[in-house]
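The values are calculated or read from the model by the stated rules, or taken from the named source; none is laboratory data. Quick caveat, the model's predicted, so the values are computed rather than measured. So basically every Cβ, Gly included, is an ideal-geometry build from the backbone, and we count neighbours across all protein chains shown.
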Amino acid sequence: MPRLSCLLAGLFVGVVAVAGVSACGPRTASPDGTSRRAPSDPTSYAEPDLVVVKHLSLSLHVDFAARTLSGAAVLDLDWRDPTAGTLVLDTRQLEIRKVMAGDGATWHEVPYALAAPDPLYGEKLTLQLRAGAATASAAPSKVRIEYSTRPEASGLQWLPPELTGTKKAPLMFSQSQAIHARSWVPLQDTPRVRFTYDATLTTPPELVALMSAHNDPDVIRDGSYRFDMPQAIPSYLMAIAVGDLVFRPVSPRSGVWAEPSIIEAAVHEFADTEKMIATAEKLYGPYRWGRYDLLILPPSFPFGGMENPRLSFITPTVIVGDRSLVALVAHELAHSWSGNLVTNSTWSDGWLNEGFTTYVQGRIIEELYGRDVADMDTVIGQRELRDEMATMAPRAQVLALPPIVGQDPDQALSGVAYNKGQWFLAFLEERFGRAAFDAFLRHWFDAHAFSAVETSTFARFLARELVARHPGKVTTAELRTWLYEPGIPPFAVPARSARFDAVDEAARQWVAGSRQASNLGTSTWTTNQWAHFLLQLPKVLPAARLAELDAALHLTGTRNPEIAERWYPLAERGGHLAARPAMRQFLIAMGRRKLIKPIYEALAQTADGLAFARDAFAQARGGYHPITTAMVEGILARSDAAPAAPAAPAAK
Ligand SMILES: [Zn+2]
């Protein structure tokens with residue numbers, strides 16, 4: 001395949017010559033004079049080879065009654081092509097009122113065209129800023145766009161008071177990754193472009209506004225908030241949240257924001273945040289973003305976490321009381337190096353963000369809590385990767401995915417990017433030794449800080465900085481298999497966990513009937529051991545055996561979402577219908593995609609389950625984020641296309 005041979009050429013060239021970049025693809029000279037390939041990003045209309053947004057200045061009013069942000073965005077432009085005169089921006093469902101161009105002191109109105117909406121990528125906004133090279137007029141240095149968002153903006157969720165923790169005040173938050181920033185700011189919505197920003201927000205005076213910028217721990221609530229983000233970020237890291245939020249410090253540079261109802265539990269759960277930052281710095285160099293705070297969102301937040309710079313957004317579903325799920329914070333923090341600092345150039349190279357981050361997360365957990373704790377996360381990740389791959393097309397199983405064309409990038413990111421990516425880096429660490437690999441990885445972050453990278457960038461850097469310096473440790477065929485072949489490489493060594501051995505034995509003996517459910521030794525299990533136990537059981541168990549397990553272990557109605565995520569699908573597949581009322585409550589209370597996806601998928605296997613799923617979804621969707629709603633609708637729609645079986649086999 002052309003792409004394969006192109007990337008491999010890069011790998012080979014890098015082995016023998018440090019100067020090399022592969023000879024494939026169009027080239028442009030970047031501002032620092034180096035030659036680099038300019039990949040296109042099919043998920044964005046932007047043309048950064050012509051002009052780049054360097055700074056964004058937002059002034060927005062947050063209107064909870066109308067569910068809109070309304071105001072203006074001023075974009076500072078850096079014209080890369082002196083003959084260009086057109087600025088193309090990404091938008092989705094924005095109400096554009098007026099476009100001005102100028103130098104900041106004087107402005108003039110300019111014509112613009114908003115294209116018909118594309119269901120995946122939104123509306124291309126084209127601003128005609130000068131007639132072209134033939135005219136003597138200079139291209140303007142700034143544009144000012146007056147606009148409002150729509151209530152249904154895909155990147156914003158507006159929660160009424162009854163869906164928040166306090167139930168007294170409304171709450172709004174953003175989720176810009178992958179391409180939702182365009183639904184609340186007109187910009188070049190591609191990770192290839194980085195910009196600094198400042199913002200002024202007006203809100204109801206009793207609420208606090210936060211952004212992925214400097215947030216003042218001592219902020220005074222007055223309905224007017226000013227933000228500054230001096231480090232350049234890609235658009236998907238734009239973030240905003242407004243609600244009844246309070247702050248508690250964890251260390252001088254770190255703390256937790258949350259609704260008052262959950263702040264104490266959150267501070268207790270995430271008390272080790274400063275230790276995590278210090279550990280990551282020891283391994284990979286200074287934390288470059290100033291403060292590192294956490295914002296705990298309501299359960300409708302569709303993801304586990306979002307690595308918004310300076311302010312990670314975190315699901316409350318990891319607050320389980322025993323700090324057993326804090327790997328999530330290690331993950332979001334790790335993005336301060338992999339992703340936020342060194343960024344995938346397009347979403348098809350998402351493993352450069354997520355695989356690296358999952359690896360770094362494991363290293364932070366190992367340093368703080370021990371290898372056995374980190375290994376449990378890795379074993380579970382690899383197990384879930386294998387399960388996921390069993391239903392994936394081979395083309396989706398490669399790390400270096402082909403360009404995402406005609407697809408929602410939210411759907412392109414799978415366990416392959418996270419767990420196969422981590423596995424590949426663990427393979428390199430094992431072959432080259434930890435000392436050499438740690439130095440290499442730190443060098444990777446330093447050498448590519450605040451820039452966008454592709455798989456070919458990494459392949460060249462790897463060949464030059466690690467493979468060529470330590471010959472004989474890996475073969476080119478092995479690297480090729482990891483990067484460009486589907487599946488798990490046959491020579492990959494699976495992770496092992498000694499702490500899971502006892503759990504495996506308990507599962508085996510209970511399934512064989514030689515051990516009572518009440519005698520499994522669960523009193524000392526952590527969340528991971530519970531999850532592993534449930535994953536080790538046969539996918540379909542007789543309803544009577546599930547009832548026996550449930551009676552002894554009280555799984556139905558568990559307050560631990562990670563256990564619920566594994567138990568309810570098991571209960572449903574086996575026809576243990578007594579779990580359904582609590583399952584319904586779980587589906588209504590939780591909007592985190594990962595937790596409810598396996599449950600909806602299990603329900604969709606039978607006609608009866610599908611009817612139950614539809615009913616529960618109808619009750620739950622008012623509290624779901626648009627991203628979660630789209631995921632559930634996809635599962636239910638696929639079931640329509642392939643009619644479900646009349647009843648679960650084990651229920652008969
Ligand atoms: Zn991540």
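Which of the residues spanning the range 498-527 are closer than 21 Å to residue 325 by Cβ and touching a Phe, Trp or Tyr at 6+ places or on another chain (Cβ under 8 Å)?
Passing the criteria: 503, 522, 525.
Do we find that residue 533 is touching a residue at least 40 places away in the same chain (Cβ under 8 Å) and either part of a helix (DSSP H, G or I) or in the same structural domain as residue 562 (by TED's automatic domain parsing) (or both) in this structure?
Numbers: touching a residue at least 40 places away in the same chain (Cβ under 8 Å): no; either part of a helix (DSSP H, G or I) or in the same structural domain as residue 562 (by TED's automatic domain parsing) (or both): yes.
Against the criterion (touching a residue at least 40 places away in the same chain (Cβ under 8 Å) and either part of a helix (DSSP H, G or I) or in the same structural domain as residue 562 (by TED's automatic domain parsing) (or both)), residue 533 does not qualify.
Identify all residues within the range 377-397 that are assigned to a loop (DSSP other than H, G, I, E, B) and either without any contact (Cβ under 8 Å) to a residue 24 or more places away in the chain or surrounded by 21 or more Cβ atoms within 10 Å (Cβ to Cβ) (or both); write none if there are none. Outline the logic, then answer.
Here is the first cut: in the range 377-397, the residues assigned to a loop (DSSP other than H, G, I, E, B) are 390-393.
Answer for the range 377-397, where residues must be assigned to a loop (DSSP other than H, G, I, E, B) and either without any contact (Cβ under 8 Å) to a residue 24 or more places away in the chain or surrounded by 21 or more Cβ atoms within 10 Å (Cβ to Cβ) (or both): 390, 391, 393.
Looking at (1) over 23 Å from residue 362 (Cα atoms); (2) exposed (fewer than 15 other Cβ atoms within 10 Å of the Cβ), which is the only condition residue 442 fails?
The single condition residue 442 does not satisfy is (1).
Take the range 502-517 and flag every residue that is assigned to a helix (DSSP H, G or I) and either at pLDDT 95 or above or more than 23 Å from residue 560 (Cα to Cα) (or both). Full working, then the answer.
Kept after step one, since they are assigned to a helix (DSSP H, G or I), are these residues of the range 502-517: 502-512, 517.
Residues satisfying the conditions are 503, 504, 505, 506, 507, 508, 509, 510, 511, 512, 517.
Mind counting the residues in the range 38-97 that are among the acidic types (Asp, Glu), outside any loop (DSSP other than H, G, I, E, B) and within 21 Å of residue 128 (Cα to Cα)? Break it down stepwise before answering.
First pass over the range 38-97, keeping only residues among the acidic types (Asp, Glu): 41, 47, 49, 63, 76, 78, 81, 90, 95.
This time we only want the ones that are outside any loop (DSSP other than H, G, I, E, B), so: 63, 76, 78, 90, 95.
Keeping just the survivors that are within 21 Å of residue 128 (Cα to Cα) gives 76, 78, 90, 95.
Matching residues across the range 38-97 total 4.
Considering only residues that are small (Gly, Ala, Ser) and part of a loop (DSSP other than H, G, I, E, B), look in the range 341-376 and name the one that is farthest from the ligand (Cβ to nearest atom).
Taking the range 341-376 first, the residues small (Gly, Ala, Ser) are 345, 348, 350, 355, 362, 370, 374.
From what's left, part of a loop (DSSP other than H, G, I, E, B): 345, 350, 370.
Details: 345: 17, 350: 9, 370: 23 Å.
Filtering the range 341-376 for residues that are small (Gly, Ala, Ser) and part of a loop (DSSP other than H, G, I, E, B), the one farthest from the ligand (Cβ to nearest atom) comes out as 370.
Take the residues of the range 318-340 that are away from the ligand (no atom under 11 Å from the Cβ) and aliphatic (A, V, I, L, M): which is nearest to residue 240 (Cα to Cα)?
329
If I go through the range 321-367 residue by residue, how many of them are hydrophobic (A, V, I, L, M, F, W, C), buried (at least 24 other Cβ atoms within 10 Å of the Cβ) and closer than 28 Å to residue 44 by Cβ?
Residues in the range 321-367 being hydrophobic (A, V, I, L, M, F, W, C), buried (at least 24 other Cβ atoms within 10 Å of the Cβ) and closer than 28 Å to residue 44 by Cβ: 8 in total.
Does residue 315 satisfy being among the polar types (S, T, N, Q), in contact with a Leu (Cβ under 8 Å, 6 or more places away or on another chain), within 14 Å of the ligand (Cβ to nearest atom) and in contact (Cβ under 8 Å) with a residue 40 or more places away in the chain? Spell out the reasoning first.
Numbers: among the polar types (S, T, N, Q): yes; in contact with a Leu (Cβ under 8 Å, 6 or more places away or on another chain): yes; within 14 Å of the ligand (Cβ to nearest atom): yes; in contact (Cβ under 8 Å) with a residue 40 or more places away in the chain: yes.
Yes; evaluated as a whole, the condition is true for this residue.
The conditions are (1) touching a Pro at 6+ places or on another chain (Cβ under 9 Å); (2) crowded, with 16+ Cβ neighbours inside 10 Å; (3) among the charged types (D, E, K, R), and residue 272 fails exactly one of them. Which is it?
Residue 272 satisfies every listed condition except (1).
So how many residues does the range 211-259 have that are more than 21 Å from the chain's Cα centre (by Cα), among the aliphatic types (A, V, I, L, M) and assigned to a loop (DSSP other than H, G, I, E, B)?
Within the range 211-259, residues that are more than 21 Å from the chain's Cα centre (by Cα), among the aliphatic types (A, V, I, L, M) and assigned to a loop (DSSP other than H, G, I, E, B) number 3.
Could you list, in sequence order, the residues of the range 189-210 that are part of a loop (DSSP other than H, G, I, E, B), in contact with a strand residue (DSSP E or B) (Cβ under 9 Å, 6 or more places away or on another chain) and of a type outside the set (Val, Ile, Thr)?
To start, the set of residues in the range 189-210 that are part of a loop (DSSP other than H, G, I, E, B) comprises 189-193, 203-207.
After this cut, where a residue has to be in contact with a strand residue (DSSP E or B) (Cβ under 9 Å, 6 or more places away or on another chain) as well, the list is 189-193, 203-205, 207.
189, 191, 192, 204, 205, 207 - these are the residues of the range 189-210 that are part of a loop (DSSP other than H, G, I, E, B), in contact with a strand residue (DSSP E or B) (Cβ under 9 Å, 6 or more places away or on another chain) and of a type outside the set (Val, Ile, Thr).
Do we find that residue 463 is crowded, with 18+ Cβ neighbours inside 10 Å and under 30 Å from residue 537 (Cα atoms) in this structure?
Details: crowded, with 18+ Cβ neighbours inside 10 Å: yes; under 30 Å from residue 537 (Cα atoms): no.
Against the criterion (crowded, with 18+ Cβ neighbours inside 10 Å and under 30 Å from residue 537 (Cα atoms)), residue 463 does not qualify.
Which one is farthest from residue 627 (Cα to Cα) among residues in the range 297-312 that are within 11 Å of the ligand (Cβ to nearest atom) and outside any loop (DSSP other than H, G, I, E, B)?
First, the residues of the range 297-312 that are within 11 Å of the ligand (Cβ to nearest atom): 303-307, 312.
Then keep just the ones that are outside any loop (DSSP other than H, G, I, E, B); that gives 305-306, 312.
Numbers: 305: 14, 306: 14, 312: 18 Å.
Across the range 297-312, the extreme among qualifying residues is 312.
Take the residues in the range 598-652 that are farther than 21 Å from residue 571 by Cα, modelled with pLDDT under 90 and hydrophobic (A, V, I, L, M, F, W, C), then tell me which one is nearest to the chain's Cα centre (by Cα).
That would be 627.
Which one of the conditions (1) assigned by TED's automatic domain parsing to the domain that holds residue 588; (2) at pLDDT 95 or above does residue 559 fail to meet, given that it meets all the rest?
The number of the failed condition is (2).
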